[in-house]
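The values are calculated or read from the model by the stated rules, or taken from the named source; none is laboratory data. As the structure is a prediction and not an experimental result, all values here were calculated from the model. Please note: Cβ atoms are built from the backbone with ideal geometry, for glycine as well, and neighbour counts cover all protein chains shown.
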Amino acid sequence: MEIFTLLETIEDILERSKGVPFTTKAIVDKEEMLDIIKEIRLKLPDELKQAKWVKEERQRILEEAKKEGENIVKEAENRIIAMIDEHEITKKAYEQKAEIIETANEMYREMCKGTKDYADEILSKIENSIKDLNITVETALQTIQESRKELK
């Protein structure tokens, strides 16, 4: 990720910066830091677009799974209608219908759960990345602000 590279650059700048004697403060190139922060701000929308894509993809997969489940149920119903000729066949057809519908519903539930778990995992990773990025940016900004205060 380019954002992490930019954050590593900020860390390198802070590590290379000259320290102010008798403090934990450092002197950094303000323009260089502001340029990097500006680049991070430009890159963040890409991360947000990726999260939106994951959300939309999750919805598409859920809809696809629902349609597939509905198709399976319709197919099962069509098979059963075709089998209704005699009483014994009808009885078997109803039993098979219930089994097929239950199987189809179970498959649908499993596909939905798997899709939701997958989407949740991806969203969680993106959320954690953005939180980590936010903490790093806040830390960098705080360091910059402290350095600026010392310069005044």
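Between Glu8, Glu110, Glu15, which is modelled with pLDDT under 90 and among the acidic types (Asp, Glu)? Let's see the steps before the verdict.
Numbers: Glu8 fails: modelled with pLDDT under 90; Glu110 fails: modelled with pLDDT under 90.
Within the list Glu8, Glu110, Glu15, the selection yields Glu15.
Hey, could you check segment 42-52 for residues that are out of contact with any Ser or Thr (no Cβ under 8 Å at 6 or more places or on another chain) and closer than 12 Å to Ile130 by Cα and say which is surrounded by the fewest Cβ atoms within 10 Å (Cβ to Cβ)?
Let us first name the residues in segment 42-52 that are out of contact with any Ser or Thr (no Cβ under 8 Å at 6 or more places or on another chain), namely 42-46, 48-52.
When the remaining residues are screened for being closer than 12 Å to Ile130 by Cα, the result is 43-46, 48, 50-51.
Values: Lys43: 16, Leu44: 15, Pro45: 9, Asp46: 12, Leu48: 11, Gln50: 13, Ala51: 17.
Ranking the candidates gives Pro45 first.
Yes or no, residue by residue, for (1) in a helix (DSSP H, G or I); (2) within 30 Å of Glu95 (Cα to Cα); (3) in contact with a helix residue (DSSP H, G or I) (Cβ under 7 Å, 6 or more places away or on another chain); (4) among the hydroxyl-bearing types (Ser, Thr, Tyr):
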site: Glu8; (1), (2), (3), (4): yes, no, no, no
site: Lys38; (1), (2), (3), (4): yes, no, no, no
site: Val54; (1), (2), (3), (4): yes, no, yes, no
site: Glu64; (1), (2), (3), (4): yes, yes, no, no
site: Asn71; (1), (2), (3), (4): yes, yes, no, no
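Which residues, taken from segment 10-27, are touching a residue at least 40 places away in the same chain (Cβ under 8 Å), outside any loop (DSSP other than H, G, I, E, B) and among the β-branched types (Val, Ile, Thr)?
Ile10, Ile27
Which condition from (1) surrounded by 12 or more Cβ atoms within 10 Å (Cβ to Cβ); (2) free of Cβ contacts under 8 Å to residues at least 40 places away in the same chain is the one that Lys30 breaks?
(2)
Which members of segment 63-107 meet the condition of being of a type in the set (A, V, I, L, M, F, W, C), at pLDDT below 90 and touching a Lys or Arg at 6+ places or on another chain (Cβ under 9 Å)?
Passing the criteria: Ala76, Ile80, Met83, Ala93.
Of all residues in segment 10-27, which are buried (at least 16 other Cβ atoms within 10 Å of the Cβ) and closer than 26 Å to Lys125 by Cβ?
Matches in segment 10-27: Ile10 only.
Which ones in segment 107-147 are loosely packed, with under 12 Cβ neighbours inside 10 Å and more than 22 Å from Arg60 (Cβ to Cβ)?
Answer for segment 107-147, where residues must be loosely packed, with under 12 Cβ neighbours inside 10 Å and more than 22 Å from Arg60 (Cβ to Cβ): Asn128, Lys131, Asn134, Ile135, Glu138, Gln142, Gln145.
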